[in-house]
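Right, one structure below, let's go through it.
Please treat every number below as a calculation from the coordinates, not as lab data. This one's a predicted model, so the numbers in the text were calculated from it and none came from an experiment. All Cβ positions, glycine included, derive from the backbone under ideal geometry; neighbour counts span all protein chains shown.
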Amino acid sequence: MHAIIVSAPGGPEALEYVERPDPVPGDGEVVVDVAASGVNFIDIYHRSGAYPLPLPTPIGSEGAGTVAAVGAGVRDVAVGDTVAWANVLGSYADKAVVPAHRVVPVPDGVSAEVAAATMLQGMTAHYLTHSTHEVKEGDQVLVHAGAGGMGQLLIQLAKLRGAKVYTTVSTSEKEKLAREAGADEVLRYDDFAEALRGKIDVVYDGVGKSTFDGGLEALRPRGLMALYGAASGPVPPFDPQTLNKQGSLFLTRPTLVHYIADRQELLQRASDLFGWITEGRLAINISHRYPLAEARQAHEDLAARRTTGKLLLIP
C-alpha cells in the first residue's frame, strides 16, 4: 500500500509518498480500503509542527471507504460496509486502520467521496451551530471565509436553523459561492467590522489573526466568538479585559474531538448530516480532487487559499 507520512516538520515538501506493508487490524480495529481522504487545515498544522506529533507519523485525519478486514471483538462493523471517519491519523493512504468505535455507517444515497468530504468539516459545522452556540430563529450570524468548505457548510446549517447569515469573502467569484450557499449578506474583509458593529450574536471564525479583532467589534453585548481555526495565523495573546469593555463578550476555542468523544454523539451528528444530504437540504461542494501522490499540491493550494469548497485525495 501507499501512504503519506511526515518525518520532520516543514512545508508541503515534508509530505513523503511512501510504500508500506498492508496493515492488519488489531483488536477493536478495522482496515478500510480508502476511497477518498479529506484535506483539512489540521493536516497542515500536523505537517508543520504547529500541532506536534511523534515523528515519523502518518498524516490525514478524515476519510471514507469499504471495510476490508475486521479485528477481534468488532461486532457492529462488517467486511464490505461503507464507512467514514474523522480525527483518525493515517487517512492519507490506500488502506487505513481505524478503531471500530470511530467509524460511522454511510447510508445508501451518499457516495464515499461525499462522506469523506462531510465528516470533519460537516461535524465541525454541526457542533458549532448546534452545541457551541445553539443557533436560533432570527439570530444574526457572521461566518468568515464563506466560500471555503467550512464556510459553505456553516452558512447552510445556520440557515437551516433560521438565522440571518452574514459572511466575508475576498473576491467576486467567492461572493457568488457564498450567496449560492445561502448567505444573506456578503462583505469584504476590510469593511465587515464597521458594517456589522454591535449587531452579531455569534461569530464563527476559522481565519484567526486577521479577522479576530474585527469579529469582536461586530458582536453585540454578550455575543459569542467561536474561534475554531487560524488559517491566517494564530491570534496573538490579548487582555481578557477587552471582552468586558466590548460588552461582556464570550470567547471559546472549541475543537471537534471534544464534541464527538461520546460515540452516540458522533453517530447523531453524522446521521443528521447524511440525512440532510439525502433530503437535498445540505450540499457538499467538492471543488478539487488530487491523486494521493499529489498531497503536496493539495496542501499548497489549501494554504494559499486558491481553492473553494472541499479538497479530496483519491488513492
request  = Could you name the aspartates and glutamates whose alpha carbon sits less than 18 Å from that of Lys159, not counting residues in the same chain fewer than 8 places away?
outcome  = Glu134, Glu137, Asp139, Glu175, Glu180, Asp184, Glu185, Asp201, Asp205, Asp272, Glu279
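Per the helix-only calculation at 222 nm, which mean residue ellipticity applies to the chain, given -39500 (n - 2.57) for every DSSP H run of n ≥ 4 and division by its residues, nearest 500 deg cm²/dmol?
Numbers: 9 runs with 88 residues, N = 315.
When only DSSP H runs of four or more count, the value is -8000 deg cm²/dmol.
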remark   = For region 72-123, listing trypsin sites (Lys or Arg not before Pro) in a DSSP loop whose Cβ sees at most 10 other Cβ atoms within 10 Å gives Arg75
request  = Search the structure for amide H atoms under 5 Å from the amide H of Val235, placed 1.01 Å from N in the peptide plane, and list their residues when 5 or more places away or on another chain.
outcome  = Lys209
ask   = Out of residues 5 or more away from Ala35 or on other chains, whose amide H comes under 5 Å of its own, with H placed 1.01 Å from N in the peptide plane?
value = Ala64, Gly65, Thr66
task = Rank Ala303, Val165, Pro12 by how far each Cα sits towards the positive end of the charge dipole of the chain (+1 on Lys, Arg Cβ; -1 on Asp, Glu Cβ) and give me just the farthest.
result = Val165
Option label - percent of Cα pairs over 36 Å apart computed here, alternatives [x] 23; [y] 17; [z] 29 = [y]
inquiry  = Using the Cα centre of region 266-315 as the reference point, and only Cβ charges (+1 on K/R, -1 on D/E), how large is the resulting charge dipole? Debye, rounded to the nearest 20.
reply    = 80
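Would you please name the chymotrypsin sites (Phe, Trp or Tyr not before Pro) within region 235-277 that are DSSP coil residues with at most 13 other C-beta atoms within 10 Å of their C-beta?
Details: sites: Phe238, Phe250, Tyr259, Phe274, Trp276; in loops: Phe238.
Answer by residue number: Phe238.
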key: Hz values of 3J(HN,Hα) by residue in region 251-260 - Karplus curve (6.51, -1.76, 1.60), Gly and Pro given as x   = 9, 9, 10, x, 9, 4, 4, 7, 9, 10
request  = Considering Cα pairs under 8 angstrom that are at least six residues apart, work out the relative contact order of the chain and quote it in whole percent.
outcome  = 18
message = How big is the dipole moment of the chain about its Cα centre under a simple scheme where the beta carbon of each Lys and Arg is +1, that of each Asp and Glu is -1, and everything else is neutral? Debye, nearest 20, please.
response = 660
query = Once a ≥ b ≥ c are taken as the square roots of the eigenvalues of the Cα gyration tensor of region 1-84, is the result rounded (a/c under 1.5), prolate (a/b larger than b/c) or oblate (a/b not larger than b/c)?
reply = prolate
GluC sites (Glu not before Pro), loop per DSSP, at most 12 other Cβ atoms within 10 Å - longest free stretch of the chain = 138-278
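Can you give the net charge of the other residues whose Cβ lies under 12 Å from the Cβ of Ala231, counting K and R as +1 and D and E as -1?
Net local charge, Ala231 excluded: +1.
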